[in-house]
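Following: one structure in structure tokens, then a few remarks.
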Amino acid sequence: MATIYHDTDADLSALSGQTVAVVGYGNQGRAQALNLRDSGVDVVVGNIRDYALEAAQADGFAVRPIAEACEAASCVMLLIPDEVMPEVYEKHVAPQLSAGDLVSFASGYNVAFGQIEPAADLDVVLVAPRMIGIGVRDAFVAGRGFPAFVGVHQDATGRARERMLAVAKAIGSTRAGCIEMSMHDEASLDLFTEQAFGPAFGRVMMTAVQLLVEAGYPPEAVLLELYLSGELAYSMEKMRELGMTRQMDLHSHTSQYGTATRGARFLDLEGPLRERMGRVLEEIRSGGFAEEWSRNREHAQRIFERVREARDRMPIARWEEAARRAFRIGDARED
Ligand code: NDP
């Protein structure tokens with residue numbers, strides 16, 4: 001049974017008298033820094049002289065170069081992109097850390113796959129929100145929580161767990177609940193969702209779109225039916241609240257009958273899906289993916305550009321645009 005922590009398991013006093021350096025003021029950095037400050041934690045922001053610096057200053061934070069912020073703090077929260085983190089850690093963070101300092105990661109990726117090896121005299125923890133940055137802030141302000149994955153990777157002081165829980169409480173995540181796991185498990189689950197679940201789900205959607213448009217249905221109607229109307233998002237929300245199968249009770253009897261009698265026709269997709277998902281998972285767990293991504297990083301921009309070009313040429317991009325304008329979805333408006 002997994003260990004799950006709530007507010008009553010955490011005590012903010014584990015951070016009292018300590019300055020927390022929030023390194024990076026982007027999606028997570030801004031949200032977590034604001035939440036920490038509102039929880040009474042002494043925060044200094046560490047940022048390079050770039051875009052986010054002014055945003056942090058405008059929010060009233062003391063902003064220093066990353067090395068200086070880490071030197072001034074005994075807890076460091078690394079909230080910069082994972083791909084730049086190893087170099088920033090080696091050059092600007094590690095040299096400023098003293099024995100007993102706490103280093104907190106919002107993703108287990110770099111530690112799990114050996115890209116960062118913190119010194120043995122540090123407390124090293126994971127506090128990884130299952131929520132985008134803006135959601136971390138919005139939930140906190142609204143008095144709600146958001147789930148997080150947490151874990152102690154290294155306990156040099158004997159107080160790593162209580163400090164980790166204090167961080168989780170101060171950013172607001174113990175209000176909902178924090179599940180304990182290793183950095184490797186957190187990173188693997190995250191990568192699996194991105195590399196197996198997401199693409200497989202996307203392929204189901206694209207297959208349905210193509211089949212229905214080829215069968216003569218107007219593309220805008222197909223996209224609305226499948227996801228643009230918001231009904232799918234609403235059903236997903238109900239899955240979260242009621243359960244994947246119990247939310248079926250909210251659908252019409254015709255819908256329930258059709259799903260019950262036709263659902264079995266897709267059961268034989270499970271074999272090939274499991275086989276491919278299993279291969280993706282194995283590549284992630286063995287460190288093969290992390291090794292490949294490190295090797296290919298310099299080509300990343302070229303790969304992303306090619307993906308974007310191909311994506312923009314797909315007919316679905318035009319259909320989505322037309323439907324979004326016609327139905328006033330998001331920022332799109334019909335002229
Ligand atoms: P962002 O991309 O939003 O980070 C931007 C910040 O990093 C800015 O302060 C930026 O400075 C700084 N930065 C960018 N490049 C460099 C560099 N080369 N050197 C120093 N600083 C740099 O990151 P996220 O908030 O998305 O992710 C932070 C961590 O949180 C990651 O570990 C991620 O895996 C994890 N996480 C993210 C989630 C999300 O929803 N985004 C969800 C859960 C976890 P400037 O703008 O001034 O250049």
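The values are calculated or read from the model by the stated rules, or taken from the named source; none is laboratory data. All figures in this text were calculated on a predicted structure; none of them were measured in a lab. We place every Cβ from the backbone using ideal geometry, glycine too, and count neighbours over all the protein chains shown. These accessible areas exclude ligands, DNA and RNA; they are computed on the full protein's heavy atoms, side chains included. Shrake-Rupley method; radii C 1.70, N 1.55, O 1.52, S 1.80 Å.
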Taking residue 175, is it over 14 Å from the mean Cα position of the chain (by Cα) and surrounded by fewer than 18 Cβ atoms within 10 Å (Cβ to Cβ)?
no
For residue 312, the lone unmet condition from (1) farther than 30 Å from residue 110 by Cα; (2) in contact (Cβ under 8 Å) with a residue 24 or more places away in the chain; (3) assigned to a helix (DSSP H, G or I) is (2)
Total residues in region 86-115, condition of a type in the set (Val, Ile, Thr) and either under 16 Å from residue 152 (Cβ atoms) or away from the ligand (no atom under 12 Å from the Cβ) (or both)
2
What are the pairs, 6+ residues apart or on separate chains, where a residue within region 248-264 that is within 16 Å of residue 235 (Cβ to Cβ) has its Cβ under 7 Å from a residue that is in a helix (DSSP H, G or I) and open to solvent by less than 50 Å² (accessible area, probe 1.4 Å)?
250/238; 256/248; 259/248
Within region 22-43, identify whether any single residue is part of a loop (DSSP other than H, G, I, E, B), within 13 Å of the ligand (Cβ to nearest atom), under 17 Å from residue 111 (Cβ atoms) and not basic (Lys, Arg), and answer yes or no.
yes
Counting just the residues of region 66-85 that are out of contact with any strand residue (DSSP E or B) (no Cβ under 6 Å at 6 or more places or on another chain), farther than 22 Å from residue 132 by Cα and open to solvent by less than 70 Å² (accessible area, probe 1.4 Å), which one comes out farthest from the ligand (Cβ to nearest atom)?
74
Say we look at region 122-142 and pick out the residues that are within 13 Å of the ligand (Cβ to nearest atom) and open to solvent by 10 Å² or more (accessible area, probe 1.4 Å); which of these is nearest to residue 157 (Cα to Cα)?
129
